Amino acid sequence: MNDQPVLFRPPRDVQAVVIDPPWDCEAGGGGKGKGKGANAHYDLLSPAQVVRVIQQDCPHWQRLADTAHVWIWVTNTTITNGDAHRVAEGLGVRPITVFTWVKRTTTGKVHKGIGQYSYGSTEHLWLCRRGDYLPVRERFQTVFDAPVGKHSAKPDASYEMIEQASHPNYLEIFARRERPGWTVWGNEV
């Protein structure tokens, strides 16, 4: 009889993951304007904490294929202060293009969000690559309009784009709701 422990290795079957980090940045919801930003809705994490939670706490991260698309929601502040780059680097992925969501009101006007220096009317979705080149299944314009929902909710149009551009299986980290055909993980699911 073999006394060696049997190690379970999950399948590496996820080829697309979307991550919506609870960013803790100077303009994003702490300190000034307390109660208006993200900190009024959930706990915020530094870039190092985001990487640690994904790599150590998320049980599905191990399923990510060696070659995969990693989509990361970023804000103007997390790009300019370097936090978005720190998370991408910590996860071992390389940003390759940016999609910009122009937030619209229910009447179709550009949404006038909160912001320290300007009104946050856009949010950005980085398409990053893990491993070797993995082509997209379909190409899209780098800007899309969609209505803004409740705080931090991402538009259905972004998920539809990801499903059409990236290969399955799909994973969402820091998810806020169930999505058919996706594995989701987060405090709000």
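The values are calculated or read from the model by the stated rules, or taken from the named source; none is laboratory data. Remember, predicted model here, so these are calculated numbers, not experimental data. Here the Cβ positions follow ideal geometry from the backbone for every residue, glycine too, while neighbour counts run over all protein chains shown.
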Next item on the list: Search region 62-88 for residues that are farther than 21 Å from residue 117 by Cβ and assigned to a strand (DSSP E or B) and pair each with any residue that is modelled with pLDDT under 95 and among the hydrophobic types (A, V, I, L, M, F, W, C) when their beta-carbon atoms are under 6 Å apart and the residues are at least 6 apart or on different chains.
Entry: 67/134
Next item on the list: For residue 133, indicate whether it is within 15 Å of residue 16 (Cα to Cα) and surrounded by 18 or more Cβ atoms within 10 Å (Cβ to Cβ).
Entry: no
Next item on the list: Looking only at region 155-181, count how many residues are modelled with pLDDT of 95 or more, within 12 Å of the chain's Cα centre (by Cα) and not small (Gly, Ala, Ser).
Entry: 6
Notebook entry, point to check: Among (1) more than 22 Å from residue 150 (Cα to Cα); (2) modelled with pLDDT of 95 or more, which single condition is residue 80 missing?
Noted result: (2)
Check: Can you find a residue in region 157-179 that is small (Gly, Ala, Ser), under 23 Å from residue 49 (Cβ atoms), touching a strand residue (DSSP E or B) at 6+ places or on another chain (Cβ under 6 Å) and part of a loop (DSSP other than H, G, I, E, B)?
Finding: yes
